[in-house]
Structure formats: C-alpha cells, structure tokens
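**Student:** Quick one: this structure, given as structure tokens, is what I'll be asking you about.
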Amino acid sequence: MSAGAAGQQQQRRRQGSAALRALAALGRATRHLLAAIGHFSRYALLTLMHMLRGPFYLRELGAQLYAIGYLSLPVVGLTALFTGGALALQIYAGGVRFNAEAVVPSIVAIGMVRELGPVMAGLMVAARVASSIAAEIGTMKVTEQLDALVTLSTDPMKYLTVPRVAAATLAVPVLVGVGDAIGIFGGYMVGITRLGFSEVAYLRNTVDFLEFWDVASGLVKGAAFGFIVALTGCYCGMQSGRGAQGVGRATKTAVVASAVMILAANYLLTELFFSA
Amino acid sequence: MIELQNVHKAFGRNQVLKGIDIEVARGESLVVIGGSGTGKSVLIKCILGLVAPDAGRITVDGHDALTAERTAFLARFGMLFQGGALFDSLPVWQNVAFRLLQGRGKRPRDAARDTAIGKLRRVGLKPEVADLMPAELSGGMQKRVGLARAIADDPEIIFFDEPTAGLDPIMSGVINALIREIVDEMGATAITITHDMRSVREIAHKVAMLHGGVIRWHGPVDRIETSGDPYLDQFIHGRADGPIESVR
C-alpha cells in the first residue's frame, strides 16, 4: 500500500472514530436528560401522593403562603402594571393601521387575563421563589439539616416540599388575579391619559368583551405554574451538590428549568383550552 | 444493643466500609476514631438509615434498621450533628422542641417550650436564648443547642458527630463534660465520632478505630495507650510517620 493510501485510510478511521465519539456523547446526554425527566416525574408523583396523606404541616403552609404569595405581590403587581401599559400602546399602534383603535381595551383585557397575566406572574414567581426555595433547601442539605429532619422523625418531603408546592399552587392564581386587575388598570391609565379614550368607554369595552372562561383559564394556568415553580425549586434543592457551588448550580437550574417549563406548559394549556 | 454485621458501603468506586462488625451494649459509650474520610460519619448514617448499606445487617435491640417502622425506630435516637444542623428558620426553642411539636408524641406548644427551656438550662444556656435565631448564636452555643435538641425527648441512643470540631479548648472541655454527664444520667447508649483525643478520654467507655474500611482496633478506653497496634498508636499520638499514610 502506498504511503498516500495509508494516510487516507488513517484519516478516514480518525473521522469515523470522531463521529462515533460525537454519537456516544449525544447518547449520554439523551440518557441523562431522560433520567432527569424520570426522576423529576417520580418526584412530582410522590409530592402529589404526599399531598393527599397526612401529617399536614399547616403552620408551614401558612408561612409559605405568606412568603410565596404575599411577598410576591409587589413584583407581580409592578410587572403587570408596566406590561398592561405597554400592551395598550402596542395594540393602539398596530390598530391605527387598519382603524381598529377601539379594540385596545378588550385586547388588553383578554391578553392580560389569558396570557400575559399568568405567564408574567409565573415567570416572576419563578425568578423570586424557585431560586429561593432551591437555595434554602440546597443549603439545608449541605448543612445536614435535611438529615436532622429525618432523625427527628420528620419526612422532608412532607415538611418542606408539600407545604411549598401547595402554597404556590394556591397563591399563584391569586397573584394572577391581582396581576390581571393591575395590568388592565395599567392599560386603562395609558388609554385615558395617552391614547385619548374616555374612562367610561374604556371600562365598558373592557367589561363587555371579557368572558368568564378568559379569566378562569388564566387562573388555572396560574395554579399549574405555581405547582411547577415550587416543585422545581424543591427538586433542585433536594438534588443540590456539595458546597456553595452545588447550591448555586441548583438555584440556577431551578430558575431556568421552571421558566422553560412554564412557557411549555403555557403553550400546552392554551392548546387545551382554546384550540380551534 | 446495637449490632453491625459485615456492613459494606461504597459511593461509586470508593469502597468506604468493607465489612464492619461491631457491637455496642446498652448504656455503653463507644467512641469511633479514624482519619478523615475513613467512613465514620457514613457508619452512623447507616445505623440511622440515612444511608442504606450495600451489604450486611444492622440491628438495634434485634430490630433491623432498614425494615423497622421508621418513626418508632428513629424516636429512640437523638443526634448531635457536626455543624449543629439547626433549622435556620426556627427560633432556638422550636429547634430544641422540634420533635415534641409534631408527630405522634405531639405536645401543646407551652409544654414543649417549657421542656425546651429546661433542656437549654441542662446544657448551660439561659432561657433568654430560647427566642434567638440560630444565626445569632456563637459556634459553642449552637453546639449546646444541638445537644439540647438531641436529648429533648430523652432518647435511648445518642449519636455525636464531631461534637468538639471548631470549638476552642475550653468550650470543647465543656461540651465533653456535658456529654459525659448527660449520657451517664440518662443511661443512654452513645456513639461518638471524633478526632479529638481529649474527647475520647473524657467520653468513651470503649474505643473503636476505623481504618481501611474495617474496625482496626476495638477495646476499652484505658487500653488505648497499651494496645500495641501501630495504627492506633500513630493516630492517638498524632505522628506523621507510621503505617497510616499522611497523604490520602
């Protein structure tokens, strides 16, 4: 065999093994992803089962309702206010092109209660709550507080996960409702101060075109997003690695994963509720 | 009696316990010594069921640690963790009374608080400490609160994981004396993990040395100086030269 042919054969072999390595890496990543989905699904199922069986830590539930619900009100309210205002401006700017400025109040209302209210509240709660839950539980794991709970005959799933998930599932729909109202108010303020709407016409258009299911679907989405946020925060905290780096990674993963899951769940729920 | 038979545990490729056989009689205070990373903490976590052994059997008064009813099994234990492991979000008295505030033996909050204050007094802390948060306490105070929590429900068996780690010599002496007094007065069975030879001499009835995943030496505390075991000799005298590699 000539030196040139041998070189070509060696190069082909190298390319072949590089392709195999890439394929193996892809296989490993897929396997890890599927394993993570499996673990997370099992954790979600266990949480649901524990939510139905006592003991229930009502004091913890109350504390979490305060921490997740009440303390998230300012950030959700401010986000909704600005989003409602910006939405009114955008719809007006688009509507002017085909003389449909009058739809601003109804589109702001429908857009807020069906989509932006729940999604914005969900994302804000994900940023604020998923991170803090993951950091708190991760730190508890690193400092052996989870082990201490077990030695004190207390199941961390029941004491930590269930109250947080239940509180978020109950509190986020309320936050969505409050966010919806504030977002519509933001649109109203922009409508009457910047876009020339009369107060009465704006309010009538808002109320007349809004249906019960528009609001209810947003609240259901809120409950689903609350469940996702708290569950992801708890799961990432429980899976946290050692040291500050492990807790930091758990916190980051909790926020990113819950945000992605909220957006995916939002699409699926919209398909379910409103598909033609 | 706590009995371990041929207990094995590995984490990945790291075989930590390679066949532990040991018995701890009721009311006995056993101190487990050994270098860092030799599996001392894993050993007590296996007994508590926090870590499942890969092989072997652990029984407490004949009840298998893995199959016994968890709540009743764990109710017999108290544990002082190395870093205290106090719950950051709860005031000191609720940390101490944690077990008394939930579960089957749940007590009214006032009664639980009174018990917690009594246990805090027992470990030399004033009642005013009860309403502080753990973050407001010094390391020594946190250890004492952890000790008060470990004895809050008068357990039959108490584990102490590095009770004097990170404390100054005076505070170490105080904690050692407290452990000895409490174990004696409660008649509890105790297993203590430590590197601190002063703790060994003050707390132990018996000593077990863990090395290479097995119990290297086991005997009464008054025989550690004359054991003739080169591993134990090197460890208790803190020598760099000897059969135990200083770089691990």
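**Student:** Test B:Phe77 against the stated conditions and say whether it is closer than 21 Å to A:Lys158 by Cβ, surrounded by 14 or more Cβ atoms within 10 Å (Cβ to Cβ) and in contact with a strand residue (DSSP E or B) (Cβ under 7 Å, 6 or more places away or on another chain).
**Tutor:** yes
**Student:** Please determine, by comparing only the residues of segment B:201-248 that are among the basic types (Lys, Arg) and within 24 Å of B:Gly27 (Cα to Cα), which one is surrounded by the fewest Cβ atoms within 10 Å (Cβ to Cβ).
**Tutor:** Step by step, filter segment B:201-248, then rank; the result is B:Arg223.
**Student:** Restricting to segment A:1-25, name every residue that is part of a helix (DSSP H, G or I), over 30 Å from A:Ser258 (Cα atoms) and among the aliphatic types (A, V, I, L, M).
**Tutor:** Of everything in segment A:1-25, those that are part of a helix (DSSP H, G or I), over 30 Å from A:Ser258 (Cα atoms) and among the aliphatic types (A, V, I, L, M) turn out to be A:Ala3, A:Ala5, A:Ala6, A:Ala18, A:Ala19, A:Leu20.
**Student:** Mind telling me which of the residues B:Arg109, B:Arg144, B:Arg104 ends up being farther than 19 Å from A:Asp147 by Cα and modelled with pLDDT under 90?
**Tutor:** B:Arg104
**Student:** Out of A:Val103, A:Val108, I need the residue that is β-branched (Val, Ile, Thr), modelled with pLDDT of 90 or more and surrounded by 14 or more Cβ atoms within 10 Å (Cβ to Cβ). Which one?
**Tutor:** Values: A:Val103 fails: modelled with pLDDT of 90 or more.
Exactly one of A:Val103, A:Val108 is β-branched (Val, Ile, Thr), modelled with pLDDT of 90 or more and surrounded by 14 or more Cβ atoms within 10 Å (Cβ to Cβ), namely A:Val108.
**Student:** Another question, if that's okay. So B:Asp114 fits all but one of (1) under 25 Å from B:Leu4 (Cβ atoms); (2) away from chain A (no Cβ under 12 Å); (3) modelled with pLDDT of 90 or more; what number is the exception?
**Tutor:** (1)
**Student:** Turning to a different aspect of this structure: Restricting to segment A:55-77, count the residues that are polar (S, T, N, Q) and more than 12 Å from every other protein chain (Cβ to nearest Cβ).
**Tutor:** 1
**Student:** Any residue at all in segment A:169-183 that is in contact with a Phe, Trp or Tyr (Cβ under 8 Å, 6 or more places away or on another chain), of a type in the set (Val, Ile, Thr) and within 14 Å of chain B (Cβ to nearest Cβ)?
**Tutor:** Taking every residue of segment A:169-183 in turn, none turns out to be in contact with a Phe, Trp or Tyr (Cβ under 8 Å, 6 or more places away or on another chain), of a type in the set (Val, Ile, Thr) and within 14 Å of chain B (Cβ to nearest Cβ).
**Student:** Identify, please: which residue in segment B:179-189 is at pLDDT below 90 and closer than 16 Å to B:Ala25 by Cα and is, among those, surrounded by the fewest Cβ atoms within 10 Å (Cβ to Cβ)?
**Tutor:** Only one residue fits best here, namely B:Gly187.
**Student:** Which is buried (at least 21 other Cβ atoms within 10 Å of the Cβ) and closer than 20 Å to A:Ala100 by Cα, of A:Gly183, A:Gly187, A:Gly196?
**Tutor:** A:Gly187
**Student:** What's the total number of residues in segment B:17-51 that are away from every other protein chain (no Cβ under 14 Å), surrounded by 21 or more Cβ atoms within 10 Å (Cβ to Cβ) and more than 21 Å from B:His205 (Cβ to Cβ)?
**Tutor:** Adding up the residues that qualify gives 3.
**Student:** Among the candidates A:Leu123, A:Leu46, A:Leu65, A:Leu73, single out the residue that is loosely packed, with under 15 Cβ neighbours inside 10 Å, touching a helix residue (DSSP H, G or I) at 6+ places or on another chain (Cβ under 8 Å), in contact (Cβ under 8 Å) with a residue 60 or more places away in the chain and closer than 21 Å to A:Ala223 by Cβ.
**Tutor:** Numbers: A:Leu123 fails: loosely packed, with under 15 Cβ neighbours inside 10 Å; A:Leu65 fails: loosely packed, with under 15 Cβ neighbours inside 10 Å; A:Leu73 fails: loosely packed, with under 15 Cβ neighbours inside 10 Å.
None of the other options fit; the residue is A:Leu46.
**Student:** Then there is this: Looking only at segment A:112-170, count every residue that is acidic (Asp, Glu) and closer than 21 Å to B:Ile47 by Cα and tell me the total.
**Tutor:** Start the filter on segment A:112-170 by keeping residues that are acidic (Asp, Glu), which leaves A:115, A:136, A:144, A:147, A:155.
From the residues that got through so far, the ones that are closer than 21 Å to B:Ile47 by Cα too are A:144, A:147, A:155.
Looking only at that region, the number is 3.
**Student:** Restricting the search to segment B:224-237, which residues are over 19 Å from B:Thr38 (Cα atoms) and out of contact with any Phe, Trp or Tyr (no Cβ under 9 Å at 6 or more places or on another chain)?
**Tutor:** B:Glu225, B:Thr226, B:Gly228
**Student:** Now for a different question. Which ones in segment A:147-165 are more than 9 Å from chain B (Cβ to nearest Cβ) and crowded, with 22+ Cβ neighbours inside 10 Å?
**Tutor:** Residues satisfying the conditions are A:Leu160, A:Thr161, A:Val162, A:Pro163, A:Arg164, A:Val165.
**Student:** State whether one or more residues within segment A:119-128 are touching an Asp or Glu at 6+ places or on another chain (Cβ under 8 Å), in a helix (DSSP H, G or I) and within 30 Å of A:Leu160 (Cα to Cα).
**Tutor:** The first filter runs over segment A:119-128 and keeps only residues touching an Asp or Glu at 6+ places or on another chain (Cβ under 8 Å), leaving none.
Scanning segment A:119-128 turns up no residue that is touching an Asp or Glu at 6+ places or on another chain (Cβ under 8 Å), in a helix (DSSP H, G or I) and within 30 Å of A:Leu160 (Cα to Cα).
**Student:** Continuing with the same structure: Can you tell me which of B:Gly83, B:Gly78, B:Gly37 is on the phi > 0 side of the Ramachandran plot and of a type outside the set (S, T, N, Q)?
**Tutor:** B:Gly37 is the lone residue from the list that is on the phi > 0 side of the Ramachandran plot and of a type outside the set (S, T, N, Q).
**Student:** Go through (1) surrounded by fewer than 18 Cβ atoms within 10 Å (Cβ to Cβ); (2) under 28 Å from B:Glu28 (Cα atoms) and name the single condition B:Asn176 misses.
**Tutor:** (1)
**Student:** May I pose another question? Restricting to segment B:60-107, count the residues that are within 24 Å of B:Glu28 (Cα to Cα), facing chain A (nearest Cβ under 8 Å) and free of Cβ contacts under 8 Å to residues at least 24 places away in the same chain.
**Tutor:** Looking only at that region, the number is 1.
**Student:** Also, I was wondering about something else. Looking at this structure, is A:Arg28 part of a helix (DSSP H, G or I), under 20 Å from A:Ala224 (Cα atoms) and of a type in the set (Lys, Arg)?
**Tutor:** Taking the combined requirement at face value, the residue does not satisfy it.
**Student:** Looking at B:Glu136, B:Glu162 in this structure, which one is of a type in the set (Asp, Glu) and within 13 Å of another protein chain (Cβ to nearest Cβ)?
**Tutor:** Going through B:Glu136, B:Glu162 in turn, just one is of a type in the set (Asp, Glu) and within 13 Å of another protein chain (Cβ to nearest Cβ): B:Glu162.
The values are calculated or read from the model by the stated rules, or taken from the named source; none is laboratory data. None of the values given here were measured: they were computed from a predicted structure. With ideal geometry, Cβ positions are generated from the backbone for all residues, glycine too; neighbour counts draw on all protein chains shown.
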